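Asker: Could you have a look at this structure, given as structure tokens, before my questions?
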Amino acid sequence: MFERILGIILPVFIIIGIGYAYARARGDAVRTDMISVNRVSMDVLCPLLVFTALAAKDFDIAHNGTLILAGVLISLGSGLIAWPVARVLGYDVRSFVPPMMYNNCGNMGLPLAALAFGTAGLSAAVALFMACNLIYFSVGIKIIESGRSQRTSLLKLFTSPMMVSMMLGMVFAILHITLPGPLMQAMKLLGEACIPVMLFSLGVRMLDVSFKSWHIGLIGAIVCPLGGLAVAWLLDGVLTMTPMQRGQMYLFAALPPAVFCFMIAEQYKQEPDKVASIVLLGNLAALAFVPAGLWMGLRA
């Protein structure tokens, strides 16, 4: 299992390294170039990733209702645990708390679920993916915007590309609407492209990471999985789930902060260098926490 996890995490760091090397070679101009790339990723590629995951034929929203609830509670609970940690250590809540609520359930969680539980486990992983997106793009974004003079209205928030894609995906899943094969495949290919683009962009941003940022990165790398696992342990005694769903819940809880958190931080200019450190160290720490989460889930 360690070799499987290493096989997923190592490519993540290789792509980040390539982005960093490219930025070092090109200089400051590359930061300007990446603004347009990041906008396309957030407005087109990432929403397509969410939609195609939910609209897939093997996703059953009714069967995974309890797991969706667990994902929502783990995301909210992780944020509640992270909030006092940020206050005590003097971190900006808007920088520290949202990444604790939105873990890497997409580009790391989905492949890990397939490796650990087979193709049958993908449906449960997608349910958790949807729950995490729902919380981050509602509660998480509101936290980032807190204290700002200009805030996104509730209507604008729910008409954002990510929220629209998620709501449409839920409609397709509930009504079992099937898109033509070539169209679905094209959308899926575009959606999956956001994963390497986000990692490459993170590598570019690593040029701006200062030594001071490593402290918050280390704390975030620990608080995110520990907070998630603590909430999952509490839910394990309350919610009724199948053994596979229970294992999926613990795997989800142990995942590190998502790369997408850095993209949002850069969009809002909310200390993106510190969020980049949280993401980078968090994914490195996944080598220890993800096996622990799998052990807890399979043992349960």
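Asker: Distance cut-off 28 Å, Cα to Cα: go down the list Lys142/Lys274; Lys188/Lys212; Lys188/Lys269; Lys156/Lys212 and report the pairs above it.
Answerer: Details: Lys142/Lys274 19 Å; Lys188/Lys212 39 Å; Lys188/Lys269 30 Å; Lys156/Lys212 35 Å.
Check vs 28 Å cut-off fails for Lys188/Lys212; Lys188/Lys269; Lys156/Lys212.
Asker: Ok, one more. Can you tell which of Gly77, Gly147, Gly65 shows the greatest fluctuation in a Gaussian network model of the chain with Cα springs below 10 Å?
Answerer: Top of the fluctuation ranking is Gly147.
Asker: Under the rule of at least 5 residues apart or a separate chain, name every residue whose amide H is placed under 5 Å from the amide H of Asn103.
Answerer: Under 5 Å from the amide H of Asn103 lie the amide H atoms of Ala258, each far enough along the sequence or on another chain.
Asker: Enter the per residue convex hull volume of the chain, computed from alpha-carbon coordinates, in Å³ rounded to the nearest integer. Present the calculation step by step, with values, prior to reporting the outcome.
Answerer: On the way: hull volume 38.1 nm³, N = 300.
In the chain, the Cα convex hull volume per residue is 127 Å³.
Asker: Given the -39500 (n - 2.57) contribution per DSSP H run of 4+ residues, what per-residue ellipticity at 222 nm results for the chain, rounded to the nearest 500 deg cm²/dmol? Numbers along the way, then the final one.
Answerer: Details: 16 runs with 224 residues, N = 300.
One gets -24000 deg cm²/dmol as the mean residue ellipticity at 222 nm.
Asker: So, one more: Report, in cubic angstrom per residue, the convex hull volume of the C-alpha atoms of region 158-300. Before the final figure, lay out each step's value.
Answerer: Numbers: hull volume 21.7 nm³, N = 143.
Hull volume over Cα atoms, normalised by residue count, gives 151 Å³.
Asker: Read phi for every residue in region 81-98 and hand back ³J(HN,Hα) as whole Hz from Karplus 6.51 cos²θ - 1.76 cosθ + 1.60, θ = phi - 60°, with x for Gly and Pro.
Answerer: Those phi angles translate into 6, 6, 4, x, 4, 4, 5, 5, 8, x, 7, 6, 4, 5, 8, 8, 6, x Hz.
Asker: For the chain, with a Gaussian network of springs between Cα atoms less than 10 Å apart, report the residue from Phe51, Phe289, Phe158 with the top mean-square fluctuation.
Answerer: Phe158
Laboratory data are not the source of any read-out in this text; all were calculated from the coordinates shown. Computed from a predicted structure; not experimentally measured.
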